[in-house]
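A.B. asks: I'd like to ask you about the structure that follows.
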Amino acid sequence: MSDKPFLTDIKLTRRAFEQMTSNREMVDLVASASGDLQTVTGRANLAQAIINRLLTRQGELARLGHPTYGSRLHELIGELNNARVRALAEIYIRECLAQETRIEKVTQVTFAAPTRGYDRSTLQVTITVQPVGGEALAVVMPLQLGGG
């Protein structure tokens with residue numbers, strides 16, 4: 001299987017704002033040793049695109065011509081990590097990723113079971129997708145709820 005359907009993009013890294021309490025992150029470009037911008041290609045690019053889409057607030061890019069890009073996951077900030085919130089998160093994830101043309105379908109969304117002493121402000125989610133013309137891809141990411 002060729003990486004062509006998955007495209008190439010600039011590699012990004014996310015880091016939390018140090019002094020903010022609004023649960024926002026900053027996106028940084030990644031430079032190579034030669035000083036050029038690194039790129040991400042193939043399945044890694046699709047995984048990055050999934051994370052970027054999910055962590056962008058729906059409507060945030062409307063002024064740039066993309067009013068439906070992003071997710072509603074930000075609406076869960078301040079909520080408790082419980083079954084209702086996990087169900088809403090799954091709905092928001094599936095709704096968001098249905099817009100990604102490189103994904104044929106979202107095959108599974110699972111959340112790590114809470115354990116004794118776990119961080120109640122974070123949902124650990126595994127999203128498995130079936131890319132168009134490719135093998136299944138799993139993306140594991142934390143979703144910060146903040147309040148907890």
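Quick note: the coordinates plus some simple rules give every number you see, no bench work behind them. On a predicted model such as this, the values are computed, not experimentally measured, just so you know. FYI the Cβ positions are ideal-geometry reconstructions off the backbone, even for glycines, and counts take in every protein chain you see.
A.B. asks: Shape call for the stretch 55-148 from the C-alpha gyration tensor, a ≥ b ≥ c root eigenvalues: rounded (a/c under 1.5), prolate (a/b greater than b/c) or oblate?
C.D. replies: Because a/c hits 1.5 or more and a/b fails to exceed b/c, the stretch 55-148 counts as oblate.
A.B. asks: While we're on this one: If R₀ is 25 angstrom, what is the calculated FRET efficiency for the pair V85 and R57, using the beta carbon separation as r and rounding to 0.05?
C.D. replies: Efficiency, from the Cβ-Cβ distance: 0.90.
A.B. asks: Residue by residue through the stretch 40-56, which ³J(HN,Hα) values in whole Hz follow from phi under the Karplus form 6.51 cos²θ - 1.76 cosθ + 1.60 (θ = phi - 60°), with glycine and proline marked x?
C.D. replies: 10, 10, x, 4, 5, 5, 5, 4, 5, 5, 5, 5, 4, 5, 5, 8, 8
A.B. asks: Dipole magnitude of the stretch 48-148 about its Cα centre, charges +1 at Lys/Arg Cβ and -1 at Asp/Glu Cβ only, in debye to the nearest 20?
C.D. replies: Magnitude of the dipole: close to 140 debye.
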